[in-house]
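To start, the structure itself, in structure tokens.
The values are calculated or read from the model by the stated rules, or taken from the named source; none is laboratory data. Everything numeric here is computed off the predicted structure, so don't read it as measured data. Using ideal geometry, Cβ is built from the backbone for each residue, glycine included, and neighbour counts are taken over all protein chains shown. These area figures cover heavy atoms from the full protein model, side chains too; ligands, DNA and RNA do not enter into them. Shrake-Rupley method; radii C 1.70, N 1.55, O 1.52, S 1.80 Å.
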Amino acid sequence: MTGPATPAPRPNIGQIPPYVAGRPPTVRPGMTSYKLSSNENPYPPLPGVVEAVQEAVGSMNRYPDMGSAALYAALSERLGVPADDLSLATGSVGLIYQLVQAFCEPGDEVLFAWRSFEAYPIAVTAAAATAVRVPVLADGRHDLDAMAAAITDRTRVVLVCTPNNPTGPAVTQAELDAFLAQVPPHVLVVVDEAYVEFVRMDDPVDGIATYRAHQNVVLTRTFSKAYGLAGFRVGYAVAPAPIAAALRAVSLPFGVSTVAQAAAIASLEREPELLERVEALVAERTRVVEGLRAAGWEVPEAQGNFVWFELGDRTADFAAAADEVGIVVRPFAGEGARVSIGEDEANDRLIKLAQEFPR
């Protein structure tokens, strides 16, 4: 005799694609291995940040400040926006989940470029919404005209990842303005700026000015990349007050830990020193891109802290060859590989690999 059936989750749960995290490097005797698979900042936190975290650890027996008052105040001052226009979460990915949950009914459409951030279809499917993927252009850029044309009566949210992860290019302010002019006012446009600090281009997006000019625009940002706090999981959204309030309403209580709040505040206080490190990473990115192109690779414009290799069915071979020389990359099967800008030695190995790997 069989027992009672196990309760079944909603049908969409079984359709959620798994998130594939960048794996750690293979340990090789006599060789330092490097992780270039997760777009992490290779620099350790600044000493002042470590001290702030150590002090916060002393109160780990207490719940965090659920209102994150000190961090909201610090961000409000830093960005010049009202605290009511801010919402915190466990990284910008947490905000994406909250946005879809707050604004989409089952079956509503969420539109985004593809390939883009791997968490987008996961968050959309988890909310029982419908993902609409619009292919990126051959150079890895958003096809904003095609995205505008793909908006329907069911579209509730559009995600614009700039710079685009994993391909690298960013949209310009002129391109974004032209796109927003075609988006109906009831459609929420999310400008995902996880890598905004690394952008060096003509006519870059001014996210704060864009949010101020539109009632349907929200920015998502993170302390995980440029600020080097990936292990603490803290991100924030900037949006008109009603949108920010909706995000706070669906946020996980006590989601942003005490130590994460302390680290983020300390990082903002030491932002000039942190951004010096960003400049060093940008310089390394330039060196790597020039080295790859000199080796014959057509690398898309890199505006994040990573580069993209269009490899097709050679992707697995490239990832294996990288592993052999002590660097682990992030392969996307049948498409290509994303490689983070890391330590100088790791970047040197990547350039050498690119010179030797058949194109």
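For this structure, a couple of remarks:
- With respect to the stated conditions, residue 146 is surrounded by fewer than 16 Cβ atoms within 10 Å (Cβ to Cβ) and hydrophobic (A, V, I, L, M, F, W, C).
- Positions within region 101-117 being of a type outside the set (D, E, K, R) and open to solvent by 10 Å² or more (accessible area, probe 1.4 Å), in sequence order: 101, 102, 103, 104, 106, 107, 114, 117
- Restricting attention to region 191-218, the residues that are assigned to a strand (DSSP E or B), more than 12 Å from the chain's Cα centre (by Cα) and crowded, with 20+ Cβ neighbours inside 10 Å total 2.
- Any chance residue 120 is open to solvent by 50 Å² or more (accessible area, probe 1.4 Å) and either assigned to a helix (DSSP H, G or I) or aromatic (Phe, Trp, Tyr) (or both): no
- Leading residue by the ranking (surrounded by the fewest Cβ atoms within 10 Å (Cβ to Cβ)) among those in region 325-335 that are part of a strand (DSSP E or B) and over 18 Å from the mean Cα position of the chain (by Cα): 328
- Unmet requirement for residue 62, which otherwise passes all of (1) part of a loop (DSSP other than H, G, I, E, B); (2) open to solvent by less than 40 Å² (accessible area, probe 1.4 Å): (2)
Yes/no per residue for (1) at pLDDT below 95; (2) over 27 Å from residue 197 (Cβ atoms); (3) of a type in the set (Lys, Arg); (4) touching a strand residue (DSSP E or B) at 6+ places or on another chain (Cβ under 7 Å):
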position: 122; (1), (2), (3), (4): no, no, no, no
position: 134; (1), (2), (3), (4): no, no, no, yes
position: 142; (1), (2), (3), (4): no, no, no, yes
position: 146; (1), (2), (3), (4): no, yes, no, yes
position: 149; (1), (2), (3), (4): no, yes, no, no
position: 164; (1), (2), (3), (4): no, no, no, yes
position: 177; (1), (2), (3), (4): no, no, no, no
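- Residue list for region 74-100, filter: touching a Lys or Arg at 6+ places or on another chain (Cβ under 7 Å) and either among the hydrophobic types (A, V, I, L, M, F, W, C) or open to solvent by less than 10 Å² (accessible area, probe 1.4 Å) (or both): 87, 91
Residue by residue, here is whether (1) among the small types (Gly, Ala, Ser); (2) more than 24 Å from residue 151 (Cβ to Cβ); (3) out of contact with any Ser or Thr (no Cβ under 9 Å at 6 or more places or on another chain) holds:
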| site | (1), (2), (3) |
| --- | --- |
| 176 | no, no, no |
| 188 | no, no, yes |
| 197 | no, yes, yes |
| 227 | no, yes, no |
| 230 | yes, yes, no |
| 239 | yes, no, no |
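- Enumeration of residues in region 152-181 that are β-branched (Val, Ile, Thr), touching a residue at least 40 places away in the same chain (Cβ under 8 Å), open to solvent by less than 30 Å² (accessible area, probe 1.4 Å) and not in a strand (DSSP E or B): 162, 167
- Count of region 27-50 residues, restricted to those that are more than 25 Å from the chain's Cα centre (by Cα) and either within 13 Å of residue 261 (Cα to Cα) or assigned to a loop (DSSP other than H, G, I, E, B) (or both), is 4.
- When each of 19, 72 is tested for being touching a helix residue (DSSP H, G or I) at 6+ places or on another chain (Cβ under 8 Å), assigned to a loop (DSSP other than H, G, I, E, B) and within 24 Å of residue 228 (Cβ to Cβ), the lone residue that passes is 19.
- Pairing residues of region 296-314 that are open to solvent by 20 Å² or more (accessible area, probe 1.4 Å) with residues that are assigned to a loop (DSSP other than H, G, I, E, B) and among the basic types (Lys, Arg), at Cβ distances under 7 Å and at least 6 apart in sequence or on separate chains, gives 296/359; 297/359.
- Counted residues, region 223-247 - those being on the phi < 0 side of the Ramachandran plot and either in a loop (DSSP other than H, G, I, E, B) or surrounded by fewer than 19 Cβ atoms within 10 Å (Cβ to Cβ) (or both): 14
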